[in-house]
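We did not get these values from a lab; they are worked out from the coordinates using the rules stated. Computed from a prediction, not measured in an experiment: that's the story for all the values here. Every residue, glycine among them, receives a Cβ derived from its backbone with ideal geometry; neighbour counts consider all protein chains shown.
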Amino acid sequence: MSFSVQRVGALCLRYVYLLASSWPRLLELVYWPVLNLLTWGFLQNYAMASTNSTLFVGGALVSGLLLWEVLFRGQIGFSISFLEEVWSRNLGNLLMSPLRPAEFVAALMVMSLARLAVGMIPATILAIAFFGFDLARLGIGFAAFFALLVVTGWAVGLVVCGLILRHGLGAESLAWTIMFVFWPLCCVYYPLSVLPAWLQPFALALPPTHVFEGMRAVLSEGVLRLDLLAAAAALNVLWIVAASFAFAALLDRARDAGTLLSSGE
Amino acid sequence: MCSVMSPATAAIEVENLVKNYGPVRAVDGLSFAVAGGSTTALLGGNGAGKSTTIGMIMGLVLPTSGTVSVLGTDMVRRRHDVLHRMNFESPYVDMPHRLTVRQNLKIFGMLYGVPDLSGRIATLAGELDLTALLDRPSGKLSAGQKTRVALAKALINEPEVMLLDEPTASLDPDTADWIRGHLERYRDRRGAAILLASHNMGEVERLCDRVIMLKQGRIEDDASPAELIRRYGRSSLEEVFLDVARGRRENVA
């Protein structure tokens, strides 16, 4: 049996039913992005009134925040959909069904996008209305930045899901915390040059670093740096391939350890 | 009836199956076959290797050595070629609680590619007395109702091979008996092979043509329930189970 869009759709339908049946889940999707935006947005408004730093040019702080949320929520949305199966003890049913791992992953990607849309659209509207977020200024670059960050989030989510398969819910906290490793390194709010020289190669190995550098170039110079987009895209290919191999290896390890049927603590 | 299948007709075939978890040998050289249209029980105390064996037959646990095939397909390497023709029920898994029974069955029906899914759900709901429960959240059901829903899920694709772990756990005697009757009729109508693990000896005597007694990962005995009772000089399968579990073989004919 080959890849089946129907099976991907079936699993997406399962998550849609779940979200539709639980308003707290929907609220949670919107709550944090909006709360973050309000906090940092007001800070930006205050700071812009008292300084002319390039940090705030064209709403760079709020733009960085929104794109950071895309990266963070892309990974969380992917991993949480997977965790829903572990929490509901449904993983055994799915793994014993004809659903292939690639179809499972595709459904998690689709739901990651759906969750992002629910969470980010209200936050983006607020950012445009109140905090000087200039979507038109970012232009086509915004779509490229969005896509590149989501793919990085999926790559990280794939490894997190593999670790949960192998180690059970003991690895759950990674889903919530792992992206914070990226926060200081991928230069969300400041240029790469701020980092110590010895740390910069590590930062450059992260696709989001190139995206945030690209964002700042658009906002301050009005230039969409294709070289930065290409670097992020190439790194993303490497990351997603490596994550796929890691997921497959962790799945095999879980089969060997016999943990798939009792995926819990 | 104790029918050892030839490889050509076996729905499930296990050969020299070994599973080690680190230094612990959970399954130690099992070989057996299960024919279509028959019900076989795996019996044994806790840690005898039943769940690990079923996990390997499902392809969710990798054997250390040996082979497992279902409907002629190698479950280690090509399990996705045959998963749409089998199904399982286990108390170790559950269905999403917030979804209604109908939503859960619909999703699994789509995963298994069931044609005329609405009709299939209606038929199963009628057969398993679930019609009034279809639009209730699965998490609001009683334990017995959940077991019937899990069975409906296990039957959604009319599987040729069913793996059942404690299929009537949590059911009252009347409902449990009714479910056993349903499984018997399904097996006979579909010609399905059923492999079950159960601690309910009455259930095993009623449902199974054959019992494989496991102890410490090895086959301790393998015969029909009636033959085992005769062989051990006992009056019930429960007494045979205790003899095997406690290593009492002095009465074995």
Inset, instruction - Round to the nearest 0.05 the FRET efficiency obtained for A:L35 and A:F245 when R0 = 41 Å and r is the Cβ-Cβ distance. - result: 0.65
Inset, instruction - Sort the following peptides by mean Cβ neighbour count (other Cβ atoms within 10 Å, averaged over residues), highest first: B:122-129, B:190-197. - result: B:190-197, B:122-129
Inset, instruction - Indicate, rounded to the nearest 5 percent, the antiparallel portion of the DSSP beta bridges found entirely in the protein assembly as shown. - result: 55
Legend entry - Average beta-carbon neighbours from other chains, 10 Å sphere, peptide A:9-20: 4
Inset, instruction - Just order A:230-237, B:229-236 by mean Cβ neighbour count inside 10 Å, highest at the front, would you? - result: A:230-237, B:229-236
Inset, instruction - For each of A:L226, B:L111, count neighbouring Cβ atoms within 10 Å of the residue's Cβ, then give the residues from fewest to most. - result: A:L226, B:L111
Legend entry - Compactness of region B:10-245 - radius of gyration and Dmax, Cα, Å: 17.7, 51
Inset, instruction - Give the calculated FRET efficiency between B:E227 and B:S65 to the nearest 0.05, with a Förster radius of 25 Å applied to their Cβ-Cβ distance. - result: 0.25
Legend entry - Partner chain coverage, peptide A:110-120 - average Cβ within 10 angstrom: 0
Legend entry - Cα Rg, Dmax (largest Cα-Cα span) when computed across region A:5-257, Å: 18.8, 61
Legend entry - Structure-based [θ]222 nm, chain A - -39500 (n - 2.57) summed over DSSP H runs of at least 4, per residue, nearest 500: -25500 deg cm²/dmol
Legend entry - Within region B:10-245, percent of DSSP bridges classed antiparallel, to nearest 5: 55
Legend entry - Alpha-carbon Rg with Dmax, taken over the protein assembly as shown, Å: 27.7, 97
Inset, instruction - Let me know the shape class of region B:1-146, please: from the alpha-carbon gyration tensor, a ≥ b ≥ c as square roots of the eigenvalues, rounded when a/c is under 1.5, otherwise prolate if a/b is greater than b/c, or oblate. - result: prolate
Inset, instruction - Give the order of A:S97, B:S170 when sorted by the count of other beta carbons within 10 angstrom, beginning with the fewest. - result: B:S170, A:S97
Inset, instruction - Take peptide A:75-84, look around each residue's Cβ out to 10 angstrom, count Cβ atoms belonging to other protein chains, and average those counts. - result: 0
Inset, instruction - With an 8 Å cut-off on Cα pairs and a minimum separation of 6 or more residues, tell me the relative contact order of region B:10-245 in percent. - result: 27
Inset, instruction - Provide, in order from the shortest bin, the percent of all Cα-Cα pairs of region A:40-163 in each 10 Å bin, continuing until the bin that contains the maximum pair distance. - result: 12, 36, 26, 16, 8, 2, 0
